[in-house]
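The values are calculated or read from the model by the stated rules, or taken from the named source; none is laboratory data. Just so you know, these numbers come straight off a predicted model, no measurement behind them. So basically every Cβ, Gly included, is an ideal-geometry build from the backbone, and we count neighbours across all protein chains shown.
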Amino acid sequence: MILAVARKNYLVEATRWSYDSWNIFHRFLGRASLFFAVVHTALYCGYVYEKGENFGPLWSLNYWNAGVAGTLAMCWLAGPPSVRWARQRDYEFFLALHVLMTVGLLYLCFVHIFWMFSVEWLWGAVAVWGMDRAMRLWLSQGATSKAISEIKGEVIRLTVPVGPGKALLKKPGQFVYLRFPQLSWIQKHPFSIAGVREVTAVDMVDTGDDAVPLLNTGKQHQHLELVFTIRPYRGVTKALHALGNTTVQVAVEGAYKHHIPLPDDTVFFAAGVGFALVLGYLRARKGGKAYWAVGRSEDLWAFEELFAECEEGELDGLMINYSGLRMADADRLERLGIKINKSRLRISEVLDEWEQDSLKGEKGERAVMACGPERFLDECRVCVDALDGVEYWEEVSTK
């Protein structure tokens with residue numbers, strides 16, 4: 001159950017399940033554990049009653065008290081604080097309470113069974129948790145860095161400098177966890193990396209002189225800049241949007257990778273800022289079929305700089321569907337070689353055409369990958385279900 005929500009869950013690669021799927025499985029395991037704990041408690045109470053023993057003396061025994069407290073802790077863990085509306089209302093409170101209650105539950109389990117039964121499975125749980133925390137620490141980028149947050153409408157474009165190296169960051173499907181200390185000390189959010197830049201900067205020193213505050217040392221250093229496109233939802237992202245155009249301290253943990261073995265014949269669908277995940281694959285594959293449903297002009301603004309950095313051919317297979325496209329935006333996109341369709345994206349028609357093209361040639365492995373809000377993914381899922389022999393992958397993004 002702990003491994004299911006570990007950041008570095010190696011079963012993701014082994015099973016090819018997504019992190020979201022493992023998160024859902026974690027909830028299922030939690031509810032199943034609660035069910036068996038309640039059944040265990042009821043059966044043992046029935047056993048004591050059948051023997052004609054009094055329950056009073058049991059309250060002086062550590063194993064009994066720990067068992068009762070552990071069952072109540074599991075009821076609380078899987079109960080009110082963990083339902084969806086409670087998590088969304090105050091995720092930071094939920095997360096802190098969830099971690100503390102889990103630590104307490106592990107301790108109670110030790111007390112409950114240590115006197116009689118084997119505890120190797122408990123030590124295994126502690127080891128998995130400890131290794132995951134150690135891996136998170138190792139993947140952290142060290143001290144916080146000063147990021148540039150730009151706002152247009154309901155979209156945030158965040159540029160975060162990180163140290164040199166980290167070749168993993170340049171691979172498609174990467175995401176990192178970001179923490180904003182001035183907004184929250186605990187809460188971290190996963191964000192797909194929309195772009196990675198190599199930057200050469202000149203080292204400057206503070207002279208302490210108001211007339212010439214900074215002095216060029218003549219030395220240069222290289223670092224990477226990670227670009228994220230974020231649509232504020234609630235909590236930290238909403239608070240970040242409220243800061244406006246500013247600089248903000250950011251702590252970076254990662255990178256982590258979506259273990260998605262996509263075949264060559266893959267069609268990508270994206271909506272809104274969900275295009276961040278798709279763009280990485282287009283650049284790594286030097287092109288590919290991709291359809292992007294744009295609802296607002298700020299979505300285009302968020303990716304304009306990244307489009308300009310793309311190499312020739314990387315955006316040849318991209319089709320942008322945006323009924324409200326302005327002439328100025330259309331001219332800029334056409335100069336970059338991007339195709340434009342001033343109508344709504346019709347996923348079923350695109351897939352039907354793709355299916356017909358596949359029938360003309362040799363049929364190999366095929367897949368569809370989608371990233372966007374839940375309603376958009378629902379439509380993608382229904383359309384792909386109508387096709388035979390097509391794998392489907394998805395990633396949820398905010399609207």
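Applying the criterion of being charged (D, E, K, R) and assigned to a helix (DSSP H, G or I) to the residues of region 1-43, the residue that is farthest from Glu395 (Cα to Cα) is Arg31.
In region 278-327, of all residues being among the aliphatic types (A, V, I, L, M) and within 19 Å of Leu351 (Cβ to Cβ), the one that is surrounded by the fewest Cβ atoms within 10 Å (Cβ to Cβ) corresponds to Met319. Taking region 11-51 as the range and being touching a strand residue (DSSP E or B) at 6+ places or on another chain (Cβ under 8 Å), exposed (fewer than 14 other Cβ atoms within 10 Å of the Cβ) and hydroxyl-bearing (Ser, Thr, Tyr) as the test, no residue passes.
Go through region 277-334 and report how many residues are among the small types (Gly, Ala, Ser) and in contact with a Ser or Thr (Cβ under 8 Å, 6 or more places away or on another chain). Spell out how you get there, then give the answer.
Here is the first cut: in region 277-334, the ones among the small types (Gly, Ala, Ser) are 280, 284, 287-288, 290, 293, 295, 297, 302, 308, 313, 317, 323-324, 328, 330.
In the following step, the residues that additionally are in contact with a Ser or Thr (Cβ under 8 Å, 6 or more places away or on another chain) were identified as 280, 288, 302, 323-324.
The qualifying residues number 5.
Figure legend. Inter-residue proximity from region 145-164: first residues in contact (Cβ under 8 Å) with a residue 40 or more places away in the chain, second residues in a strand (DSSP E or B) and among the small types (Gly, Ala, Ser), beta-carbon distance below 7 Å, spacing 6+ or different chains. Indicated pairs: Ile156/Ser149; Leu158/Ala147; Leu158/Ser149; Thr159/Ala147; Val160/Ser145; Val160/Ala147; Pro161/Ser145; Val162/Ser145.
The requirement of being outside any strand (DSSP E or B) and either more than 23 Å from Ile151 (Cα to Cα) or over 17 Å from the mean Cα position of the chain (by Cα) (or both) is fulfilled nowhere in region 249-257; no residue meets it.
Candidates Ala78, Ala14: the one that is in contact with a Lys or Arg (Cβ under 9 Å, 6 or more places away or on another chain) and among the hydrophobic types (A, V, I, L, M, F, W, C) is Ala78.
Here the strands (runs of 3 or more DSSP E) wholly within region 105-196 that include at least 1 residues being surrounded by 14 or more Cβ atoms within 10 Å (Cβ to Cβ) and basic (Lys, Arg) are 145-152, 155-162, 174-179. When Val248, Val267 are screened for being under 27 Å from Leu137 (Cα atoms), surrounded by 12 or more Cβ atoms within 10 Å (Cβ to Cβ) and at pLDDT 90 or above, only Val248 passes. Within region 256-270, residues that are under 23 Å from Leu345 (Cα atoms) reach partners that are in a strand (DSSP E or B) and among the basic types (Lys, Arg) with beta carbons closer than 6 Å, at six or more positions or on different chains, in the pairs Asp265/Arg366; Val267/Lys289.
Out of Ala14, Ala32, Ala37, which single residue is of a type outside the set (D, E, K, R) and under 21 Å from the mean Cα position of the chain (by Cα)?
None of the other options fit; the residue is Ala14.
The set of residues in region 278-315 being closer than 17 Å to Pro263 by Cα and either part of a helix (DSSP H, G or I) or in the same structural domain as Ser192 (by TED's automatic domain parsing) (or both) consists of Val278, Leu279, Gly280, Tyr281, Leu282, Arg283, Ala284. Within the set Arg89, Arg7, Arg84, the sole residue that is surrounded by 15 or more Cβ atoms within 10 Å (Cβ to Cβ), of a type outside the set (S, T, N, Q) and within 25 Å of Thr237 (Cα to Cα) turns out to be Arg7. Annotation note: Cβ proximity below 8 Å between a residue of region 62-86 that is closer than 11 Å to Gly30 by Cα and in the same structural domain as Gly30 (by TED's automatic domain parsing) and a residue that is at pLDDT 80 or above and not in a helix (DSSP H, G or I) (sequence gap 6+ or interchain) occurs for no pair.
Applying the selection to region 123-152, what residues are in contact with a Lys or Arg (Cβ under 7 Å, 6 or more places away or on another chain) and modelled with pLDDT under 90?
Asp132, Met135, Arg136
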